[in-house]
Amino acid sequence: MGCVTDRSTARAAKAQLAARLADDPGVTGVGLARQDTDYVLRVDLAEAAAGARVPGQVDGVAVVTRVIGAVTTLPAG
């Protein structure tokens with residue numbers, strides 16, 4: 001990736017990205033992940049088409065996407 005992204009920089013970028021994508025129904029989660037020696041932002045998607053709305057980086061922190069499908073709650077009991 002080039003330069004190492006530290007955790008505090010990645011956390012700040014995550015907060016920005018999470019706010020930006022909060023109302024997107026195709027996004028099921030935003031988090032941090034390790035990739036080699038860098039921290040990256042990982043965006044979980046309900047469908048692949050939602051990936052077109054996710055930027056490739058935020059404040060110099062790389063963004064990776066993963067299609068996990070829709071997230072639902074389990075029934076109680």
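Out of the residues in segment 32-76 that are of a type in the set (Ser, Thr, Tyr) and assigned to a strand (DSSP E or B), which is nearest to the chain's Cα centre (by Cα)? Among them, the one singled out is THR65. If we keep just the residues of segment 38-73 that are surrounded by 16 or more Cβ atoms within 10 Å (Cβ to Cβ) and acidic (Asp, Glu), which is modelled with the lowest pLDDT? Filtering first and then ranking leaves ASP38.
The residue pairs whose first member lies in segment 15-31 and is assigned to a helix (DSSP H, G or I), whose second member is among the basic types (Lys, Arg), and whose beta carbons are closer than 8 Å, counting only pairs six or more residues apart or on different chains, are LEU21/ARG53.
Filtering segment 10-37 to residues that are crowded, with 17+ Cβ neighbours inside 10 Å, out of contact with any helix residue (DSSP H, G or I) (no Cβ under 7 Å at 6 or more places or on another chain) and either aliphatic (A, V, I, L, M) or over 21 Å from THR73 (Cα atoms) (or both) leaves ALA10, ALA13, LYS14, LEU17, LEU21.
The values are calculated or read from the model by the stated rules, or taken from the named source; none is laboratory data. As the structure is a computational prediction, the values presented were derived from the model and not from experiment. Every residue, glycine among them, receives a Cβ derived from its backbone with ideal geometry; neighbour counts consider all protein chains shown.
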